[in-house]
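In what follows, a single structure is set out as C-alpha cells and then discussed.
The values are calculated or read from the model by the stated rules, or taken from the named source; none is laboratory data. Worth saying up front: this structure is predicted, and the values here are computed from it rather than measured. FYI the Cβ positions are ideal-geometry reconstructions off the backbone, even for glycines, and counts take in every protein chain you see. The protein model used for the area step is the full one, side chains on, heavy atoms only, and it has no ligands, DNA or RNA in it. Shrake-Rupley method; radii C 1.70, N 1.55, O 1.52, S 1.80 Å.
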Amino acid sequence: MRAVITVVGKDTVGILAKVSAICAEHQVNIVEVTQSMIMMADLTRCNTSLSALSGELEDFGKASNLSIHVMHEDIFNSMHKI
C-alpha cells in the first residue's frame, strides 16, 4: 500500500528529516518527495496502522506549527483527478 504525506507550513531546517525519522521508526519508505513537501510513501512494511501513523505525524505537525496529512494513494489520486 502507498500513501501520500503532505506537509504544509513555514519552512524551517530539519522538517524533512524529522518527518522522515518518524516514518523510518515505522518502517515506512519515502519513495518520492517534491519541493512542496508532498511525499509518496510505501507502507508495505509499516509496523503500525495507517491511522496511528497519521495521528503521530499530525501530533508532530501541531507541535511544530505545521499541518501534516496522510492519506491512501487512491484517495489522493481520486481527489486530484479532473
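Against the definition (buried (at least 16 other Cβ atoms within 10 Å of the Cβ) and at pLDDT 95 or above), how does residue 5 come out, yes or no? It is true that residue 5 is buried (at least 16 other Cβ atoms within 10 Å of the Cβ) and at pLDDT 95 or above.
The residue that is farthest from residue 77 (Cα to Cα), counting only those in region 41-61 that are under 12 Å from the mean Cα position of the chain (by Cα) and either among the basic types (Lys, Arg) or open to solvent by less than 30 Å² (accessible area, probe 1.4 Å) (or both), is 61. With respect to the conditions (1) at pLDDT 95 or above; (2) under 22 Å from residue 74 (Cα atoms), residue 34 lacks only one, and its number is (1).
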